[in-house]
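Presented below is the structure to which this report refers.
The values are calculated or read from the model by the stated rules, or taken from the named source; none is laboratory data. Bear in mind the structure is a predicted one, so any value in this text is a computation, not a measurement. Please note: Cβ atoms are built from the backbone with ideal geometry, for glycine as well, and neighbour counts cover all protein chains shown. Calculation scope for accessible area: heavy atoms of the full protein, side chains included, ligands and nucleic acids excluded. Shrake-Rupley method; radii C 1.70, N 1.55, O 1.52, S 1.80 Å.
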Amino acid sequence: MPELPEVETIRRTLQELVVGKTIQHVTVYWSKIIKKPIEVEQFNDALAGETITDINRRGKFLIINTTTFALVSHLRMEGKYGLFKSSEPFDKHTHVIFHFTDGTELRYRDVRKFGTMHLFLKGEENTNLPLSQLGPEPFSANFTKKYLQEKLKKTERKIKPVLLDQTIVTGLGNIYVDEALFRAKIHPERKANTLSSREITELHREIINTLTEAVEKGGSTIRSYVNSQGQIGMFQLQLFAYGRKGEECKRCGTPIEKIVTGGRGTHFCPKCQKTKNK
Ligand code: ZN
């Protein structure tokens, strides 16, 4: 599932590719992706004739702004956008096509069909679900150490699921939570309310650092993905924990372990990240 850095990379790429283009019409092949309005015809009617003005991001959501509307799009597991010429073929996994007046089209492809799109009048997207439930952006002024401390001290949940909870901080997923916890030397199963002030300082800093590095890495790879079909936004940050089960910890050499925490595969170094629940 794309996390904040991947979605940010997709946002920047789409910004270059589609801003200024006018939608001639929209074709929806799998209507369940369109969550609002309920009638797909209304979705199509609303967007026909609209010009794309800007691409924003909130957490893991892309917001495609047009002259009148804000289209809130979540890619979930497998959703991908790609820009094509209308003459190019597409497969059965392409579910939504935005046909532009210049003969190109933005295609939404989603093998698992878990992605969602909500259409709002511009300005109404932030005060309605799904965006209204999101916590602060990790890069925003609202995401302070004090804020994080306040949230953590109120819960006995394990720290990993708390960080995955998009109402607390938005944008983190399985990969970057494992990485931030590794860097902050905090065991993923520590109870949130047992973290010391110093640990929260580290964690807060490493959440921001990890995501910043990933966004920069994504930014540096944008160009190579502009022409690759439906693969924009895919890149790999050098990882310390995630996906490294059995490999040596880059800090101490101990094999990285994998456990299941809150239903999610979780990677950590048993030496650098001690449990010590008090
Ligand atoms: Zn280690």
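Tabulated data
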{"quantity": "Chymotrypsin sites (Phe, Trp or Tyr not before Pro) within the range 87-165, DSSP loop, no more than 15 other Cβ atoms inside 10 Å", "calculated": "PHE114, PHE139"}
{"quantity": "Unsatisfied cross-links (Cα-Cα over 31 Å) in the set LYS21/LYS145; LYS154/LYS258; LYS36/LYS245; LYS32/LYS185; LYS21/LYS146; LYS32/LYS158", "calculated": "LYS21/LYS145; LYS36/LYS245; LYS32/LYS185; LYS21/LYS146; LYS32/LYS158"}
{"quantity": "Within a Gaussian network of the chain (alpha carbon springs, distance under 10 Å), most fluctuating of GLN149, GLN166, GLN238", "calculated": "GLN238"}
{"quantity": "Per-pair calculated FRET efficiency, R0 = 35 Å: SER132 and ARG157 via Cβ, rounded to 0.05", "calculated": "0.95"}
{"quantity": "Rounded, prolate or oblate (a/c below 1.5 giving rounded, otherwise prolate when a/b exceeds b/c) for the chain by Cα gyration tensor", "calculated": "prolate"}
{"quantity": "GNM flexibility winner over the chain from GLN42, GLN15, GLN24 (Cα, springs under 10 Å)", "calculated": "GLN42"}
{"quantity": "Nitroxide proxy distance, nm - points 7 Å out along Cα→Cβ at SER87 and GLU199", "calculated": "6.2"}
{"quantity": "Bridge type composition, the chain - antiparallel percent by DSSP, nearest 5", "calculated": "95"}
{"quantity": "Per residue solvent-accessible surface (Å²) - the range 145-268, probe of 1.4 Å", "calculated": "46"}
{"quantity": "Within the range 110-191: Cβ-based charge dipole about Cα centre, in debye rounded to nearest 20 (Lys, Arg +1; Asp, Glu -1)", "calculated": "460"}
{"quantity": "Selected from ARG244, ARG107, ARG198 as most flexible by GNM, with the chain as the system and alpha-carbon contacts under 10 Å", "calculated": "ARG198"}
{"quantity": "Of ILE208, LEU195, MET117, farthest towards positive along the dipole that unit charges on Lys, Arg, Asp, Glu beta carbons give the chain", "calculated": "LEU195"}
{"quantity": "Three-way shape call for the range 1-83 based on the alpha-carbon gyration tensor, with the a/c threshold at 1.5", "calculated": "oblate"}
{"quantity": "Percent carbon-and-sulfur accessible area, the chain, ignoring ligands, DNA and RNA, probe 1.4 Å", "calculated": "49"}
